[in-house]
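Structure record follows, encoded as structure tokens.
The values are calculated or read from the model by the stated rules, or taken from the named source; none is laboratory data. Everything quoted here is computed from the prediction, not taken from an experiment. Cβ atoms come from the backbone with ideal geometry, glycine included; neighbour counts cover every protein chain shown. When the accessible area is computed, the model is the full protein with side chains, heavy atoms only, and any ligands, DNA or RNA have been set aside. Shrake-Rupley method; radii C 1.70, N 1.55, O 1.52, S 1.80 Å.
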Amino acid sequence: MAPRIDFASLSLMDALDLAVLIEEEAQERYEEFAAQMEQHRTPEAAAFFRLMAINEAKHGRELAARRSQLFGGVPATATRAMIFDVEAPDYDEARAFMSPRRAMKAALASEAKAHAFFVAALPAIQNPEVRALFEELRDEEVYHQELVKTELAKLPPDSGLSDEDFVDEPTAQ
Amino acid sequence: MSATCEFQAKDYKSDLKPIWCPGCGDFSVVQGIYRALAAIGRPPHEIAFVSGIGCSSRIPGYTTAYGFNSVHGRSLPIAQGIKLANPDLLVLAAGGDGDGFSIGGGHIAHLIRRNIDITYIVMDNQIYGLTKGQLSPTSQKGRVTCTSRYGSMENPVNPLLYVLAYGAGFVAQASPTDLAGMAATIEEAIRYPGFAFVNIQSPCVTYGEEAQQIKGLKAISESLKELGHNPEDRLAAMDLAQHYGEKLHLGVFYKNPEPQPTYDALVRERQALLSKDALPKERILDLFIKK
Ligand SMILES: Cc1ncc(C[n+]2csc(CCOP(=O)(O)OP(=O)(O)O)c2C)c(N)n1
Ligand code: SF4
Ligand SMILES: [Mg+2]
């Protein structure tokens, strides 16, 4: 089975590598969602998911730069198998014809999920530097939530239609 | 067989863009397959991926490997033919619950009893997705669909018990509620020498019921490892498999600790034995010419 994270023995290098992987996973998921929306003619949600992917990539690059400044080219031991959907929205959050509001709510839920991940991990962490990093990442998730909420507030009211209104009626074949 | 190389999940992603409904569980399954293949490290040209017909059966098209989106229900005999013709290939077969347990249900027993060394992945969404939401063999009793207006009167097939009862050497279950676990389970199935079956609860967001979506699945998920299940115990596996539909047990139900020889190994053995007295190719017609 996939190795999971032992927070008690996590080193700062491993923690930074995990943080980069978390951003990378979220970036890839948003890119996947954007491609799905483009495929299904939902351009507004696609544009929002592209923007989220760019933000996650930017954050990932910042963390990767810190990692290489501190630890240079020391090979990483943390792997993608250790994390799953920390900051990436669940696969079933995407819908054809989803409104920008629904897309933003999916992103908001993911930021809340990431916040919960860092909150849950903190009590087990022993290393003070790792603790400081996780506290910083936890607080950043609150800031990200605020950003999405601001964008949500700018939206005009929803049309009242749901994606269900666009799904074909089942027909026997 | 080639030496193991360094491959990443993205190396197995094809250029074809999936046309599944956004949110479909099959998006996560294809990611799980990419990750498992990267962990195995075989190059795409040493992999053959066969499917039947259905939404889920589009999966070989989205994977960089030899692919065949074949005929409804016939992925297994085709995969078997490929494996026997070229045993060095890593052969995957995949499809839906309808493809595998309705029209194709009769094939499973024969691949199991021959122990054909392939991995069979069923994306079980309890519905016919591609044809727009008809009752499938794994739909629960009472399920209302366009072909069961007043509720299904049939008991569902239990895919896990089905393959366990026929004697499959490797039987597991996964779901998008744990992608890392799904990838690890598929990897273990591929590494198993013999017929390996992975049932993946893959929600249909368009025709599936609320309880079958990721949040509903999370609520009934239980890790077999955390339950302390011993995957070498076939009877315990059958006991747990009875809860299909009520609980979502994730991980390996059964892994034969002493795998039976695979069919292609037996064929090679037989060929080696018979080739001792075999005529050279140029005298093969002598067999048919009366002396
Ligand atoms: C011989 C034949 N019979 C029937 C069909 C129609 N058909 C296509 S896909 C399908 C069932 C799809 O359900 P499933 O295998 O569960 O795949 P899903 O779409 O749910 O992934 C059926 C009945 C067909 N293509 N060929
Ligand atoms: S109909 Fe269902 S199974 Fe088919 S692509 Fe859509 S969500 Fe997936
Ligand atoms: Mg199906």
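A few remarks follow.
- Residues of region B:184-211 satisfying the condition of being farther than 22 Å from B:Ile127 by Cβ, open to solvent by less than 10 Å² (accessible area, probe 1.4 Å) and within 13 Å of chain A (Cβ to nearest Cβ): B:Thr185, B:Ile186, B:Ala189
- Of all residues in region A:84-96 being facing another protein chain (nearest Cβ under 7 Å) and hydrophobic (A, V, I, L, M, F, W, C), the one that is farthest from A:Thr42 (Cα to Cα): A:Phe84
- From the options B:Thr119, B:Thr138, B:Thr131, residue that is β-branched (Val, Ile, Thr) and more than 17 Å from the chain's Cα centre (by Cα): B:Thr131
- Candidate set: region B:1-40, residues that are under 18 Å from B:Pro87 (Cα atoms) and within 14 Å of another protein chain (Cβ to nearest Cβ); chosen: the one most open to solvent (accessible area, probe 1.4 Å): B:Ile40
- The listed residues are B:Val122, B:Val71, and the only one of them that is near ligand 1 (Cβ under 8 Å from one of its atoms) and β-branched (Val, Ile, Thr) turns out to be B:Val71.
- Candidates in region B:214-238 are the residues that are within 16 Å of ligand 2 (Cβ to nearest atom) and buried (at least 19 other Cβ atoms within 10 Å of the Cβ); of these, the one that is farthest from the other protein chains (Cβ to nearest Cβ) is B:Leu217.
- Test result for A:Thr79, within 30 Å of B:Cys24 (Cβ to Cβ), open to solvent by less than 10 Å² (accessible area, probe 1.4 Å) and hydroxyl-bearing (Ser, Thr, Tyr): no
- Options A:Val167, A:Val148; residue that is modelled with pLDDT under 95, within 24 Å of A:Asp90 (Cβ to Cβ), within 14 Å of chain B (Cβ to nearest Cβ) and surrounded by 10 or more Cβ atoms within 10 Å (Cβ to Cβ): A:Val167
- Extreme residue, most open to solvent (accessible area, probe 1.4 Å), among residues of region B:240-268 that are acidic (Asp, Glu) and touching a residue at least 24 places away in the same chain (Cβ under 8 Å): B:Glu246
- For B:Ile47: the one exception among (1) hydrophobic (A, V, I, L, M, F, W, C); (2) within 14 Å of chain A (Cβ to nearest Cβ); (3) more than 12 Å from ligand 1 (Cβ to nearest atom): (2)
- Scanning region A:107-121 turns up one or more residues that are open to solvent by less than 20 Å² (accessible area, probe 1.4 Å) and within 14 Å of chain B (Cβ to nearest Cβ).
- Of all the numbered requirements in (1) touching a helix residue (DSSP H, G or I) at 6+ places or on another chain (Cβ under 7 Å); (2) away from every other protein chain (no Cβ under 14 Å); (3) within 16 Å of ligand 1 (Cβ to nearest atom), B:Pro60 misses one, and that requirement is (1).
- Taken as a whole, the condition of being under 15 Å from the mean Cα position of the chain (by Cα), of a type in the set (Phe, Trp, Tyr), more than 14 Å from every other protein chain (Cβ to nearest Cβ) and within 16 Å of ligand 2 (Cβ to nearest atom) does not apply to B:Phe68.
- Lone unmet requirement of (1) free of Cβ contacts under 8 Å to residues at least 24 places away in the same chain; (2) more than 27 Å from B:Val205 (Cβ to Cβ) for B:Arg42: (1)
- Only one of the numbered conditions (1) more than 24 Å from B:Pro259 (Cβ to Cβ); (2) more than 13 Å from ligand 3 (Cβ to nearest atom) is violated by B:Asp88, and that is (1).
- Looking across region B:91-127, the residues that are within 16 Å of ligand 3 (Cβ to nearest atom) and small (Gly, Ala, Ser) come down to B:Ala93, B:Ala94, B:Gly95, B:Gly96, B:Gly98, B:Gly100, B:Ser102, B:Gly104, B:Gly105.
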